[in-house]
Amino acid sequence: MTDSNQQKSLVRANELTCIREDRILFDQLSFEINAGDIVQIEGPNGAGKTSLLRIIAGLSRPYAGEIQYIDTDINQCRDEFNEDLLYLGHLAGVKSELTADENLNFNLRLSGYDDFDSYDLLAKVNLGGFEEALAGHLSAGQHRRTALARLWHTNCRIWILDEPFTAIDKKGVEELEQLFIEHTQRGGCVIMTTHQDMSLITDDVLRKIKLDYRFV
Ligand SMILES: Nc1ncnc2c1ncn2[C@@H]1O[C@H](COP(=O)(O)OP(=O)(O)OP(=O)(O)O)[C@@H](O)[C@H]1O
């Protein structure tokens, strides 16, 4: 990590407003996310956490406001932004009819990587011996781990992760937390939602953005 990597703005939200049906999920929300930040979007069910992550990732548009990648509206630098972005949503792109190994290969190749050892990556998420199992036959936690394995092989600095710890056991959560810390120490950032407690990422290193909707 170099000093210049730290405190460098990677993502900026400018006065975002998101309205769903008769509820304002957030209104003129602004924040900046720097290299080195671990950010948790917090709020009760239905508060708009997934909606905000999808807007930051450019997968849906806000009612008003913009997201900037470094200093440019993401709509004007889509290719550069997408190359630097790893987004894992709820479903996380794991296909039940493919094996764990096929899923990982598919997702990494789709992201432009061709030089990796998928068995080694699957071993990192404790799926050694399950490489050729159909994802549809894996447990919920193993299914999730299949999706998460790509975090161990990426050059993207901006990680947007919707509930990455869901169905993951305690040791697995700690391994992910450690990976997030290392990623941010290398100049990346993590923007995530979780309803789970963390043990390594303590409140003094975690930034929180709190959401709570109101009716129009
Ligand atoms: N495309 C959409 N069209 C209409 N309403 C939507 C859409 N997407 C989300 N919503 C609504 O917006 C609200 C916020 O949803 P969202 O998934 O962002 O919440 P969340 O904070 O992630 O919730 P949870 O903690 O339960 O995952 C919900 O009431 C949902 O029904």
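None of the figures in this text is laboratory data; all of them are computed from the coordinates on show. None of the values given here were measured: they were computed from a predicted structure. For neighbour counting, all protein chains shown are included, and Cβ atoms are generated from backbone atoms with ideal geometry for every residue, glycine included.
Numbers below:
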| quantity | calculated |
| --- | --- |
| Segment 96-155, Rg to Rh (Cα coordinates; Rh as Kirkwood inverse mean 1/r) | 0.93 |
| Centroid-to-centroid separation of segment 28-47 and segment 109-188 [C-alpha atoms, Å] | 22 |
| Two-site FRET efficiency, Asn155 against Phe215, from Cβ-Cβ distance with R₀ of 25 Å, rounded to 0.05 | 0.05 |
| Compactness of the chain, expressed as Rg and Dmax over alpha-carbon positions, Å | 17.3, 53 |
| Cβ-placed point charges (K, R +1; D, E -1), dipole of the chain about Cα centre in debye, nearest 20 | 500 |
| Value of [θ]222 nm, deg cm²/dmol, for the chain, DSSP H segments ≥ 4, -39500 (n - 2.57) each, nearest 500 | -7500 deg cm²/dmol |
| Unit charges at the beta carbon, dipole of segment 96-155: most positive-side option, Leu138, Gly128, Thr99 | Leu138 |
| Test item: Cα-centred dipole of segment 154-215, Lys/Arg +1 and Asp/Glu -1 on Cβ, debye | 300 |
| Candidate lysines - alpha carbon under 25 Å from Lys208, same-chain residues fewer than 8 apart omitted | Lys8, Lys49, Lys170, Lys171 |
